[in-house]
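S.K.: Take a look at the following structure, please.
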Amino acid sequence: MEDSKKKPVMIAVIVVCLGVAGAITYLRSGGSDGGINSLPDDKMTWVKCNNPDCKAEYQMSEKEFLKELQKRINPAAMQSTPALVCQKCGKPSVYQAYKCGNPSCNTIFFANSVPNDFPDRCPVCKRSETEEIRKARKAGGQ
């Protein structure tokens, strides 16, 4: 094919690819605005108080948890995830937690308790729900 004919064909291919990519992105997002408000009100997450005198463990709405985090994040600060206020002791010492899915363990622990690993790795029995899901998916794909 001549160079003069290649250029319009290549431009057309690029435009089609960009259109397909945009359509896929729109369809995967469900066409909704997404974000915190799209979360169901009844979806819960575990939290745990890091105050040594309290150590409260409870569930709260994931939507409420993320909205509170959003209020407390300071973009100018070089801090990691800010603490939320504990319902029991009233101090800013609550962080996201996980409940171990191992029925013989059921430990509630802070996210990322095991360094350089899955955030939901249990520090007691070493089980990770994320790892289990990935293993099952990999085994099913073979």
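The values are calculated or read from the model by the stated rules, or taken from the named source; none is laboratory data. This is a predicted model, so every value here is computed, not measured. Here Cβ is always computed from backbone atoms with ideal geometry, including for glycine, and neighbour counts include all displayed protein chains.
S.K.: Working carefully through the options Lys71, Lys99, Lys138, find the one that is under 23 Å from Asp41 (Cα atoms) and loosely packed, with under 12 Cβ neighbours inside 10 Å.
M.R.: Lys71
S.K.: Go through (1) touching a residue at least 60 places away in the same chain (Cβ under 8 Å); (2) part of a loop (DSSP other than H, G, I, E, B) one by one and return the number of the condition Thr81 breaks.
M.R.: (1)
S.K.: With surrounded by 14 or more Cβ atoms within 10 Å (Cβ to Cβ), at pLDDT below 95 and not β-branched (Val, Ile, Thr) as the only criterion, which of Asn51, Asn112 stands out?
M.R.: Being surrounded by 14 or more Cβ atoms within 10 Å (Cβ to Cβ), at pLDDT below 95 and not β-branched (Val, Ile, Thr) holds for just one of Asn51, Asn112, which is Asn112.
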